[in-house]
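What follows is a set of notes on a single structure, which appears directly below.
The values are calculated or read from the model by the stated rules, or taken from the named source; none is laboratory data. The structure displayed is predicted, hence computed values, not measured ones. Cβ placement follows ideal geometry from the backbone for every residue including glycine, while neighbour counts extend to all protein chains displayed. What goes into the accessible areas is simple: the full protein's heavy atoms, side chains included, and nothing from ligands, DNA or RNA. Shrake-Rupley method; radii C 1.70, N 1.55, O 1.52, S 1.80 Å.
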Amino acid sequence: MNKGFILWFTGLSGSGKTTISQALEPELKARGCKVEILDGDVVRTNLSKGLGFSKEDRDTNIRRIGFVAHLLSRNGVVAITAAISPYQAIRDEVRAIEPNFVEVYVKASLEACEARDVKGMYAKARKGEIKGFTGIDDPYEAPPNPEIICCTEKESVTECVEKILSKLEELGYI
Ligand code: ADP
């Protein structure tokens, strides 16, 4: 059985977490890994349905994602999580329960994410139609020591995927 691990993406909305995780999935599968993506938006429609965006609810959402990712990982699955996960303390909590934890900071400036505005959320947040939007009127704590940083304003999706794969090779996960 391949070794399971958690590949934990964190970054602002629109930074590229979903895009990179989806591009990475077939590459990992081609290397014999079982892969499950826990995408923030998808999780909020089922596992965390009913939770809002208060600090408490965000923490609960991330703890749930971490718990499920941990169960997958210990059964030999590569659990990719793609949620904003804005708070360092909760990311560290997950790291503390998971021996095989790789943090990927998907880095893009607020300006770039806002210009992309993939889901039209930034425009709504600026108009005050969405309250407590990460980066606008809610904090985002960038990780101080991630294993990998993908700078999506400078690096293409392919470059980000290559960078992650080579780090995973270096760490002995694939
Ligand atoms: P998130 O999941 O972080 O909210 P998405 O993946 O939904 O972000 O959106 C990121 C947007 O940025 C997409 O429109 C994607 O095409 C674009 N993009 C541009 N360059 C990159 C890159 N290097 N990596 C990932 N996404 C990129």
| All positions within the range 1-31 that are surrounded by fewer than 19 Cβ atoms within 10 Å (Cβ to Cβ), over 16 Å from the mean Cα position of the chain (by Cα) and at pLDDT 95 or above | Pro26, Glu27, Lys29, Ala30, Arg31
| request: Mind counting the residues in the range 92-131 that are away from the ligand (no atom under 16 Å from the Cβ) and out of contact with any Ser or Thr (no Cβ under 7 Å at 6 or more places or on another chain)? | output: 14
| Complete set of residues in the range 141-165 that are open to solvent by 70 Å² or more (accessible area, probe 1.4 Å), without any contact (Cβ under 8 Å) to a residue 40 or more places away in the chain and within 9 Å of the ligand (Cβ to nearest atom) | Lys154, Glu159
| query | Looking at the range 32-48, which of the residues that are near the ligand (Cβ under 8 Å from one of its atoms) and part of a helix (DSSP H, G or I) is most open to solvent (accessible area, probe 1.4 Å)? | reply | Asp41
| query | Which of (1) acidic (Asp, Glu); (2) in contact with a helix residue (DSSP H, G or I) (Cβ under 8 Å, 6 or more places away or on another chain); (3) in a loop (DSSP other than H, G, I, E, B); (4) open to solvent by 50 Å² or more (accessible area, probe 1.4 Å) does Glu93 not meet, given it meets every other one? | reply | (3)
| query | Which pairs have Cβ atoms under 9 Å, sit 6 or more apart or on different chains, and link a residue in the range 1-28 that is without any contact (Cβ under 8 Å) to a residue 40 or more places away in the chain to one that is within 11 Å of the ligand (Cβ to nearest atom) and not small (Gly, Ala, Ser)? | reply | Gln22/Ile37; Gln22/Asp39
